[in-house]
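The values are calculated or read from the model by the stated rules, or taken from the named source; none is laboratory data. What you see is a predicted model, and the numbers here were worked out from it, not measured in a lab. Backbone-built Cβ (ideal geometry, glycine too); neighbour counts: all protein chains shown.
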Amino acid sequence: MYGVLVIGAPGAGKSTFCAGLQDVFEQIGRPHVTINLDPANDYLQYDSTYDIKELITVEDVMDRL
């Protein structure tokens, strides 16, 4: 099993990279899981298997800071 952790500044292309990687994996038939850990990301360019927004909102995070 392998994993890729994608981090970077806003606008760096993280979502674009994840969408492209997911597309490649689907084309070659490789099983994969995509996890979104950014509660502020309202628009995902890819299908997320797990999404942190199902558990917490960006408002919840801001209230705790």
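Between a residue in segment 25-39 that is assigned to a helix (DSSP H, G or I) and any residue that is surrounded by 11 or more Cβ atoms within 10 Å (Cβ to Cβ) and of a type outside the set (Val, Ile, Thr), which pairs come within a Cβ distance under 9 Å, given they are 6 or more apart or on different chains?
Within 9 Å, the pairs are PHE25/HIS32; GLU26/HIS32.
For segment 20-44: of the residues being small (Gly, Ala, Ser) and at pLDDT 95 or above, which is surrounded by the fewest Cβ atoms within 10 Å (Cβ to Cβ)?
Per the stated criteria, the residue is GLY29.
Within segment 40-65, can you find the residues that are in contact (Cβ under 8 Å) with a residue 24 or more places away in the chain and either over 20 Å from ILE7 (Cβ atoms) or in a strand (DSSP E or B) (or both)?
Across segment 40-65, the qualifying residue is only ASP47.
Within segment 45-65, how many residues are among the basic types (Lys, Arg) and either exposed (fewer than 11 other Cβ atoms within 10 Å of the Cβ) or touching a His at 6+ places or on another chain (Cβ under 9 Å) (or both)?
1
Of the numbered conditions (1) out of contact with any Asp or Glu (no Cβ under 6 Å at 6 or more places or on another chain); (2) surrounded by 10 or more Cβ atoms within 10 Å (Cβ to Cβ); (3) not aliphatic (A, V, I, L, M), GLY3 fails exactly one; give the number of that condition.
(2)
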